[in-house]
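Participant: Take a look at this one; I'll ask things after.
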């Protein structure tokens with residue numbers, strides 16, 4: 001029972017820590033320049049997660065036609081650009097990676 005109280009308590013503390021800046025910024029407001037800059041944060045974070053996996057699959061830089069992840073990622077990028085549909089992009093990227101790894 002004690003472990004569950006600790007887990008629930010830590011969950012509440014984590015929630016409050018994340019909620020506090022949101023509530024404070026809601027009251028104070030943000031300058032338009034900062035608000036515009038913050039629009040780029042999701043793209044920057046996603047790029048920081050995805051590009052190392054595409055360009056360095058084995059821990060070293062691999063920009064070649066033998067890099068299945070890079071080829072599948074390029075195809076997924078084209079599909080995302082053309083369709084603007086996340087589900088189709090993920091499906092095509094995964095299918096391309098599986099096919100390229102099987103070849």
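Every read-out reported here was derived from the displayed coordinates using simple, explicitly stated rules and does not represent laboratory data. It should be emphasised that the depicted structure is a prediction, and the values quoted were computed from it without experimental measurement. For neighbour counting, all protein chains shown are included, and Cβ atoms are generated from backbone atoms with ideal geometry for every residue, glycine included.
Participant: At 222 nm, what helix-only mean residue ellipticity would the chain give, in deg cm²/dmol to the nearest 500, using -39500 (n - 2.57) for each DSSP H run of four or more?
Facilitator: The helix-only estimate for the chain comes to -26500 deg cm²/dmol at 222 nm.
Participant: While we're looking at this one, here's another question. How far apart, in nanometres, would the label points at residue 82 and residue 44 be if each is projected 7 angstrom from Cα along the Cα-to-Cβ direction?
Facilitator: Between residue 82 and residue 44, the simple spin-label model gives 3.2 nm.
Participant: For Cα extents along the principal axes in Å, pick the label among [x] 76, 30, 18; [y] 52, 47, 28; [z] 43, 32, 23 that corresponds to the value derived from the coordinates.
Facilitator: So the calculated entry is the one marked [y].
Participant: Then there's this: Tell me, what is the FRET efficiency for residue 7 and residue 74 to the nearest 0.05, using R0 = 41 angstrom and their Cβ-Cβ distance as r?
Facilitator: So, using R0 = 41 Å, E works out to roughly 0.45.
Participant: Against the longest alpha carbon principal axis of the chain, how many degrees, from 0 to 90 and to the nearest 10, is the axis of helix 68-83 turned?
Facilitator: 70
Participant: Could you state the angle between the C-alpha long axis of helix 41-55 and the longest principal axis of the C-alpha atoms of the chain, as a value from 0 to 90 degrees rounded to the nearest 10?
Facilitator: 40
Participant: Right, next: Taking the 0 to 90 degree range and rounding to the nearest ten, how far is the long axis of helix 86-102 tilted relative to the main principal axis of the chain, both from C-alpha atoms?
Facilitator: 50
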